[in-house]
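Encoded as structure tokens, the structure appears first; notes follow it.
What follows is calculated from the coordinates using simple rules that are stated; it is not laboratory data. Fair warning: this is a prediction, and the values are worked out from it, not measured in the lab. A quick note on method: Cβ atoms are made from the backbone with ideal geometry, for glycine too, and the neighbour counts reach across all protein chains shown.
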Amino acid sequence: MSNFEEWASATFRHEEIDFDATDLALVELIYGGALHQLEMLDRIDLDAFPARGIDLRHAPKAS
Amino acid sequence: MTHPQDLSLRQQADAIRHGDISAREMLDATLLRLKERDNDINSTPVVFDELSQAQISQAPAGPLFGVPITVKDMYALPWRAARNGTTYNLIPASASGAYRNLRDAGVIVIGIANQHELGIGTTGVYSAYGPMANPWNPLNCAGGSSGGSAAGVAARIVGGSLASDSGGSTRLPSSFCGVVGIKLTYGAVPYDGYFGAATTFSAPGIVARDGGDARLLTAALLQRPLPQQSGSGLRVGVVRDPFWNDVQPEVHEACENALALAGWKAIDLKIENLELAGAAFLGRLIAEAGIPSREVLSSVSAPTRALLLAGLLTSARFVPRADRVRAAVRYSLASAFDSVDFLAWPTAPATAPSLEEPWVTLPSGRVPVDVPNVRQASLANLTGIPGVSIPVGLDASQMPIGLQLLGPWGSEARLLDAVEHMERASDRRFVNLTPPLAR
């Protein structure tokens, strides 16, 4: 079992979720792809992206 | 004599109002057509034969009195729980906000529009009711998640459908099926009784055959008039990379030709921080998707279950960063809308793939269609803006191509002006294209 499979299996068991080898293989594929994209967010300069309120119904107010 | 469902939705409403046809005759003809046509496409797996008859006697004399529509499985109805493409009653039966608005306009809900299970997918391959197929070729995907809405409207089973859009779920199937699909501004309709209430992405949507029908239904859904103005002389922002560059050549050409035909002033545009928008969408989406009950989780397809389980493994550290990017992209968009009226790019990067293997080949390679579909669509969901898909022709295999327009918050009327302008500029030759199933 790979490190990923061990970790994922332990997480799913903790959550009392039934899973099989097909689930693990698909999850590893999807998780790997998602993580690759999400890690872009780790590299942002937080000073350049200040936390601001978001009201999705309207255009943002001029800052 | 013309079948009532070959009339536009506006003509249906007028015919009933003027007494040319009764609401009951309209309903009977619609239910019969549904039974004749839906076997191949599975757009409307749940039909309210008797309940729809009962609705006629209670319907108010609104602008859509007696007009039959379908409603996606994401909305609770007074007589049916929302199941979200599963076999489970996930939101108890009630009059959802979107349903109330349409009911007050006088519509008759004849059935539940099929959808991709849990709304997680742009193909329509997986649903507790079985896959939904494309009226242009039943071997191909209708799209998702609102595939039943788009397929039913394209097949002339109904003139309109209440859909929803969390990552392109109204616009993408509309593109695949050659109909008009509009995603509303986030929060513009009451969200009670609607699955979208649990996310910050989802908005109700309308699927119709043309811009005029979409305007009538959208105005009813928003409960405010959407006055028609000229759609000529607009300024359109064209964001080349990746939205125009990584699409099939036929799709690119058809969308480019349609823009030229419309005669709008095209301005090449860069949107600051756009390269981070996909990651921000994903970060938030995974966090908000959550995990359904163990029963539901064990009932869905392996790909959907894997998507949900992958979310369970994903660190929450991405969420606040995704929100910072989301806020920044919203400012960038607002700034872009100072110089253009709307943005335009192909709705889907390719025409509908086969149900058996829903992958597409793009300049960047061969990929499952969900990935580039969501890339083309999700900016509207991340930022809350409305968007619309317009039919702009067929590819060599006679499958529809859609052009997407995205406008500022609350610009639904303006977007529909643009749709109707495009229809006039093209002598309605795109919007009047009819799938083989409906000929």
Inset, instruction - Among B:Ile108, B:Gly167, B:Met132, pick out the residue whose Cα is farthest towards the positive end of the charge dipole of the stretch B:84-202, where Lys and Arg carry +1 and Asp and Glu carry -1 on C-beta, about the Cα centre. - result: B:Ile108
Inset, instruction - Please build a GNM for chain B, connecting alpha carbons under 10 Å apart, and tell me which residue among B:Ala163, B:Ala203, B:Ala219 fluctuates the most. - result: B:Ala219
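Would you mind ranking B:Ile21, B:Ile110 by Cβ crowding within 10 Å, fewest neighbours first? All intermediate terms of the calculation are to be shown ahead of the outcome.
Values: B:Ile21 16, B:Ile110 25.
In order of increasing Cβ crowding within 10 Å: B:Ile21, B:Ile110.
Please quote Rg/Rh for the stretch B:296-410 to two decimal places, taking the Kirkwood radius as Rh and restricting both calculations to Cα atoms. It would help to have the intermediate numbers written out before the result.
Details: Rg = 17.2 Å, Rh = 16.8 Å.
My calculation puts Rg/Rh at 1.02.
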Legend entry - Charge context of B:Ile182, other residues only, Cβ under 13 angstrom, K/R +1, D/E -1: -1
Inset, instruction - Determine, from the Cβ-Cβ distance of B:Asp104 and B:Ala260 and an R0 of 45 Å, the FRET efficiency 1/(1 + (r/R0)^6), rounded to the nearest 0.05. - result: 0.65
Inset, instruction - Could you compute the FRET efficiency for A:Arg13 and B:Ser230, with r as their C-beta to C-beta distance and R0 at 60 Å, rounded to 0.05? - result: 0.45
Legend entry - Under-5 Å amide H pairs with B:Ala348, H placed in peptide plane, nonlocal only: B:Gly402
Legend entry - Within 10 Å of each Cβ in A:39-52, the average number of Cβ atoms from other chains: 5
Inset, instruction - Once you have all Cα-Cα distances for the stretch B:150-224, histogram them in 5 Å bins from zero and send the whole-percent values. - result: 3, 19, 28, 25, 17, 8, 1
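Compute the FRET efficiency between B:His3 and A:Asn3 as 1/(1 + (r/R0)^6), taking r as their Cβ-Cβ distance and R0 = 45 Å, and round to the nearest 0.05.
Details: r = 62 Å, r/R0 = 1.37.
Efficiency for this residue pair is about 0.15.
Test of understanding: ordering B:Thr314, B:Thr304, B:Thr170 by Cβ neighbours within 10 Å, fewest first, what list do you get? Mind showing how you got there, number by number?
Details: B:Thr314 18, B:Thr304 24, B:Thr170 34.
Ranking B:Thr314, B:Thr304, B:Thr170 by Cβ neighbours within 10 Å, fewest first, gives B:Thr314, B:Thr304, B:Thr170.
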Legend entry - On Cα atoms only, tilt of A:3-14 relative to the major axis of chain A in degrees: 90 degrees
Inset, instruction - With a/c under 1.5 counting as rounded, go ahead and sort the stretch B:185-303 into rounded, prolate or oblate using the C-alpha gyration tensor (a ≥ b ≥ c being the square roots of the eigenvalues; past the cut-off, prolate if a/b is larger than b/c, else oblate). - result: oblate
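Which order results if B:Met26, B:Met422 are arranged by neighbouring Cβ count within 10 Å, fewest first? Intermediate results must be reported in sequence, preceding the final value.
On the way: B:Met26 23, B:Met422 26.
Sorted ascending by nearby Cβ count, the order is B:Met26, B:Met422.
Suppose every Lys and Arg Cβ carries +1 and every Asp and Glu Cβ carries -1, with no other charges. What dipole size does the stretch B:332-415 come out with about its Cα centre, to the nearest 20 debye? Can you show the working numbers first?
Values: 3 positive and 7 negative charges, 22 e Å.
Around 100 debye, computed over the stretch B:332-415.
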Inset, instruction - Among B:Val109, B:Val238, B:Val67, determine the one that fluctuates most according to a GNM of chain B built with springs between C-alpha atoms less than 10 Å apart. - result: B:Val238
Legend entry - Summed side-chain charge close to B:Pro358 - residues other than B:Pro358 whose Cβ falls under 13 Å, Lys, Arg +1, Asp, Glu -1: -2
Legend entry - Highest-MSF residue in chain B out of B:Glu356, B:Glu250, B:Glu423 [GNM, Cα springs under 10 Å]: B:Glu356
Legend entry - Percent antiparallel among DSSP beta bridges (both partners in chain B, rounded to 5): 70 percent
Inset, instruction - Let me have the 222 nm mean residue ellipticity of chain A computed from DSSP H runs of 4+ only, each contributing -39500 (n - 2.57), with the sum over all residues rounded to the nearest 500. - result: -18000 deg cm²/dmol
Inset, instruction - When a/c is below 1.5 the answer is rounded, else prolate if a/b is larger than b/c, else oblate, so apply that to the stretch B:1-151 with a ≥ b ≥ c taken from the square roots of the Cα gyration tensor eigenvalues. - result: oblate
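Residues of B:273-283, mean number of Cβ from any other protein chain within 10 Å of their own Cβ, rounded to a whole number? Intermediate values should be presented prior to the final figure.
On the way: counts 3, 0, 1, 6, 0, 3, 10, 6, 1, 7, 5.
Per residue, the average neighbour count from other chains is 4.
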Inset, instruction - Mind checking which of A:Thr22, A:Ala51, A:Gly33 is farthest towards the positive end of chain A's charge dipole, using Cβ charges of +1 (Lys, Arg) and -1 (Asp, Glu) about the Cα centre? - result: A:Ala51
Legend entry - Computed magnitude of the charge dipole of the stretch B:143-219 (debye, nearest 20; Cβ of K, R +1, Cβ of D, E -1): 160 debye
Legend entry - Reachable lysines from B:Lys72, criterion Cα separation under 16 angstrom, eight or more residues apart if same chain: B:Lys183
Inset, instruction - Towards the positive end of the charge dipole of the stretch B:62-219, with charges on Cβ (+1 Lys, Arg; -1 Asp, Glu), say which of B:Thr218, B:Pro204, B:Tyr194 has the farthest Cα. - result: B:Thr218
Inset, instruction - Ignore the peptide's own chain and count Cβ atoms of other chains within 10 Å of each Cβ in A:29-35; give me the average, rounded. - result: 6
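How much mean residue ellipticity at 222 nm does chain B get from its helices, if each DSSP H run of length 4 or more adds -39500 (n - 2.57) and you divide by all residues, to the nearest 500 deg cm²/dmol? Numbers along the way, then the final one.
Details: 14 runs with 161 residues, N = 439.
Helix-only estimate at 222 nm: -11000 deg cm²/dmol.
Quote the charge dipole size of chain A about the Cα centre in Debye, to the nearest 20; the model charges only the Cβ of Lys and Arg (+1) and of Asp and Glu (-1). Don't skip to the end; give the middle numbers.
Numbers: 5 positive and 13 negative charges, 127 e Å.
Computed charge dipole of chain A: roughly 600 debye.
How long are the three semi-axes of the equivalent ellipsoid of chain B, in whole Å, if each is the root of 5 times an eigenvalue of the C-alpha gyration tensor, listed from largest down? Could the numbers behind the result be given before it?
Details: eigenvalues 177, 130, 86 Å².
In descending order, the three semi-axes are 30, 26, 21 Å.
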